[in-house]
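Visitor: Input: one structure, supplied below.
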């Protein structure tokens, strides 16, 4: 039996304050601490994208960059819509938001605020969260496949 030859999957490392979405298959890796990544995937078109944001809200000063959750999620959604995706066919997966410095009850709570922003903004857009691994005290590595929508997540040791 002849097995079809499958091209190697293109791999991409996603730095903080960035996002990527693609119609073709990419394997996107990112590392999260208090930052959050939202993965969007279209269940009908089989394409997806992921962002990596550090802070929840852009305050209107300076440039509206994907460093901020409200900007990063809206930009990722906009990119998906340019591919012909429709909101009602999108699902989300959310990761990160750890209290990596052990300050889960402190005044900053950046991780918790990032998680809340992601959940609230996705709910506003009517996009269901179908998987998540958020919070905790340890960072994680996320690998997201833009074609299959599969996300692999591993937490770091102490």
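The values are calculated or read from the model by the stated rules, or taken from the named source; none is laboratory data. These numbers come from a predicted model, not from an experiment. All Cβ positions, glycine included, derive from the backbone under ideal geometry; neighbour counts span all protein chains shown.
Visitor: Would you point out which residue out of 98, 118 is surrounded by 14 or more Cβ atoms within 10 Å (Cβ to Cβ), closer than 15 Å to residue 19 by Cα and modelled with pLDDT of 95 or more?
Guide: Details: 98 fails: closer than 15 Å to residue 19 by Cα.
That would be 118, the only listed residue that is surrounded by 14 or more Cβ atoms within 10 Å (Cβ to Cβ), closer than 15 Å to residue 19 by Cα and modelled with pLDDT of 95 or more.
Visitor: What is the residue count in segment 42-86 for residues that are at positive phi and either in contact with a helix residue (DSSP H, G or I) (Cβ under 6 Å, 6 or more places away or on another chain) or surrounded by 13 or more Cβ atoms within 10 Å (Cβ to Cβ) (or both)? Give the derivation first.
Guide: Step one: of segment 42-86, the residues at positive phi are 46, 60, 62, 84.
From what is left, the residues that are either in contact with a helix residue (DSSP H, G or I) (Cβ under 6 Å, 6 or more places away or on another chain) or surrounded by 13 or more Cβ atoms within 10 Å (Cβ to Cβ) (or both) are 46.
Selection size over segment 42-86: 1.
Visitor: Please specify each residue of segment 5-41 satisfying the condition of being in contact with a strand residue (DSSP E or B) (Cβ under 8 Å, 6 or more places away or on another chain), at negative phi, assigned to a loop (DSSP other than H, G, I, E, B) and in contact (Cβ under 8 Å) with a residue 40 or more places away in the chain. Break it down stepwise before answering.
Guide: In the first step, residues of segment 5-41 are kept if they are in contact with a strand residue (DSSP E or B) (Cβ under 8 Å, 6 or more places away or on another chain); the result is 9-22, 24-41.
Restricting the remaining residues to those that are at negative phi gives 9-16, 18-22, 24-41.
After this cut, where a residue has to be assigned to a loop (DSSP other than H, G, I, E, B) as well, the list is 9, 14-16, 24-25, 33-35.
Within segment 5-41, 9, 16, 24, 25, 33, 34, 35 qualify.
Visitor: Would you be able to say whether some residue in segment 134-145 is touching a helix residue (DSSP H, G or I) at 6+ places or on another chain (Cβ under 7 Å) and modelled with pLDDT of 95 or more?
Guide: So the first thing to find is which residues in segment 134-145 are touching a helix residue (DSSP H, G or I) at 6+ places or on another chain (Cβ under 7 Å), and the list is 134-135.
Right, trim to modelled with pLDDT of 95 or more and you get 134-135.
The answer is yes, given that some residue of segment 134-145 is touching a helix residue (DSSP H, G or I) at 6+ places or on another chain (Cβ under 7 Å) and modelled with pLDDT of 95 or more.
Visitor: Here's another thing I want to ask about it. Is there a residue being touching a strand residue (DSSP E or B) at 6+ places or on another chain (Cβ under 9 Å) and assigned to a helix (DSSP H, G or I) anywhere in segment 125-133?
Guide: The answer is yes; a qualifying residue exists.
Visitor: Here is a check on your reading of the model: is residue 92 touching a helix residue (DSSP H, G or I) at 6+ places or on another chain (Cβ under 8 Å) and assigned to a strand (DSSP E or B)?
Guide: Values: touching a helix residue (DSSP H, G or I) at 6+ places or on another chain (Cβ under 8 Å): yes; assigned to a strand (DSSP E or B): yes.
It is true that residue 92 is touching a helix residue (DSSP H, G or I) at 6+ places or on another chain (Cβ under 8 Å) and assigned to a strand (DSSP E or B).
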